[in-house]
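Engineer: Sending over a structure as structure tokens; questions will come in a sec.
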Amino acid sequence: MSRILVAWELGRNLGHLSRIRPLADRLKAHGHVVLVAARDLGCAAHTLAPAGLAFVQAPICPPSPVPHAGAKLASYADILLHQGWGEASHLVGLMQAWINLIRMYAPDAIVLDHAPTAALAARSLGIPTAWIGTGFEIPPRVAPLPAFPEIPVEAAALAEAQALDLANRVLSAMHLRGLVALSELFDDCPRWLATYPELDHYGARANERYVGVFDELGYGKTVEWAGRGKHRVFAYLRSQMPGCGAILKALSSIDADVVCHAPDLPRGLTASLARPGLIVTSEPVRIDPLCDGMDLCVSYAPAGTVATTLLHGIPQLCAPQHLEAGLTALRVASMGAGLVLRGQQTLAGVEMTIGNVMETGTCAAQAKEFAARHRGSDKAAAVENIVAGVEAICAMRAGKT
């Protein structure tokens, strides 16, 4: 039996916990003691508590604003600068909090889900780690870390130099070993990419372990198609995604059964567009039962939703809300399995784009090719693969102590 800490530090919404839950479940079933340090306690209460999984608040820092409106993040290093690594006092606080949590719990291994400061703390304490996450959350092991699209490499190098300099000053003050490059956070430990090569935000990589999606939320509303329309469309919308209002109106106007998960839309807006065959709910929806006969997935391009529906050969219409979603949408478009809406949209424009995706069949054909390539994808096998890897590093550490 080993003590395992699962750390989720950065990112929002349910994607992280929907990965953590099945992994923590299986580790617990194997007899290990598991504690999850979760960024969002509300989400953890819904997702982890019903499964009897223990959790605590993860040390986090309020994100700092970008320097000016329209500014673009240069690289993963720039994300760190806006998540506590841009000010010495913030990083010292985060490091001390993670170190204290790790020392109090005394884990044999730490599983990291988008948890770079936890990785740095574990490194300083000599605790073995393993990474799980999408390609965006686990960047390639190169120095400097790659620039995001349309960003000069010089900007990415500058962001890395800034983050590295501050981190090393903090580590030196704490009498800890410094970093040569930020990629050291991801080196010398197992990494499991919970995605597919075609959907990797940085592009397909050699010598990586792609295990595919293994999300399991553990709860959610079961909804059935109304059986009224010509098509069947699932939508996952958020208020901040570009053109959200036009997209919702288009979904109300087309000849289709629509199931829409919209957790933060004003109730008055959704009520004004109500019609037979259109179901809008703020509760999470179980997607798998809806995939039979689904003709289109419309979303802000969260990685899990996109991958899950593509595995069923369903074409995509993406209106990315943020950088990570934008990179997912870019990958979908590059393989021809969907189209991307950018900026504000007109009702007529969204209706025409929906029609283009569903009526031409080109995107559906590419989505079906993706599904055929990954027909053997097995969520349970992916989780067991990771569990075996975590157990191996625990055993290795036990042999050294």
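Engineer: Kindly indicate the residue of the stretch 18-68 that is touching a Ser or Thr at 6+ places or on another chain (Cβ under 9 Å) and of a type in the set (Gly, Ala, Ser) and also nearest to Trp8 (Cα to Cα) among those meeting that condition.
Structural biologist: Among them, the one singled out is Ala38.
Engineer: Next up: For residues that are in a loop (DSSP other than H, G, I, E, B) and either more than 15 Å from Val211 (Cα to Cα) or in contact with a Cys (Cβ under 6 Å, 6 or more places away or on another chain) (or both), tally how many sit in the stretch 126-135. Give the derivation first.
Structural biologist: Going residue by residue through the stretch 126-135, those that are in a loop (DSSP other than H, G, I, E, B) are 126-128, 134-135.
Add one more test, that the residue is either more than 15 Å from Val211 (Cα to Cα) or in contact with a Cys (Cβ under 6 Å, 6 or more places away or on another chain) (or both), and what stays is 126-128.
So the answer is 3.
Engineer: Starting from residues that are touching a residue at least 60 places away in the same chain (Cβ under 8 Å) and not in a loop (DSSP other than H, G, I, E, B), keep the ones in the stretch 210-243 and report whichever is farthest from the chain's Cα centre (by Cα).
Structural biologist: The extreme case among them is His231.
Engineer: Still on this structure, I have one more. Touching a Lys or Arg at 6+ places or on another chain (Cβ under 7 Å) and not in a loop (DSSP other than H, G, I, E, B): which single residue out of Val34, Val56 fits that description?
Structural biologist: Details: Val56 fails: touching a Lys or Arg at 6+ places or on another chain (Cβ under 7 Å).
Of Val34, Val56, the one residue that is touching a Lys or Arg at 6+ places or on another chain (Cβ under 7 Å) and not in a loop (DSSP other than H, G, I, E, B) is Val34.
Engineer: Those residues that are touching a residue at least 24 places away in the same chain (Cβ under 8 Å) and in contact with a Leu (Cβ under 9 Å, 6 or more places away or on another chain), I need them from the stretch 357-381; list them, please.
Structural biologist: Val357, Met358, Cys363, Ala364, Ala367, Phe370, Ala371, His374, Ser377
Engineer: Would you pick out the residues in the stretch 338-359 that are surrounded by fewer than 12 Cβ atoms within 10 Å (Cβ to Cβ) and of a type in the set (S, T, N, Q)?
Structural biologist: Gln344, the sole residue that qualifies.
Engineer: Taking the options Leu176, Leu171, Leu185, Leu164, name whichever one is assigned by TED's automatic domain parsing to the domain that holds Phe148, in contact (Cβ under 8 Å) with a residue 24 or more places away in the chain, assigned to a loop (DSSP other than H, G, I, E, B) and among the hydrophobic types (A, V, I, L, M, F, W, C). Write out each step before concluding.
Structural biologist: Values: Leu171 fails: assigned to a loop (DSSP other than H, G, I, E, B); Leu185 fails: assigned to a loop (DSSP other than H, G, I, E, B); Leu164 fails: assigned to a loop (DSSP other than H, G, I, E, B).
The conditions single out Leu176.
The values are calculated or read from the model by the stated rules, or taken from the named source; none is laboratory data. Values in this document were obtained by computation on a predicted structure and should not be read as measured data. Reconstructed Cβ throughout: ideal geometry from the backbone, glycine too, with neighbour counts over all protein chains shown.
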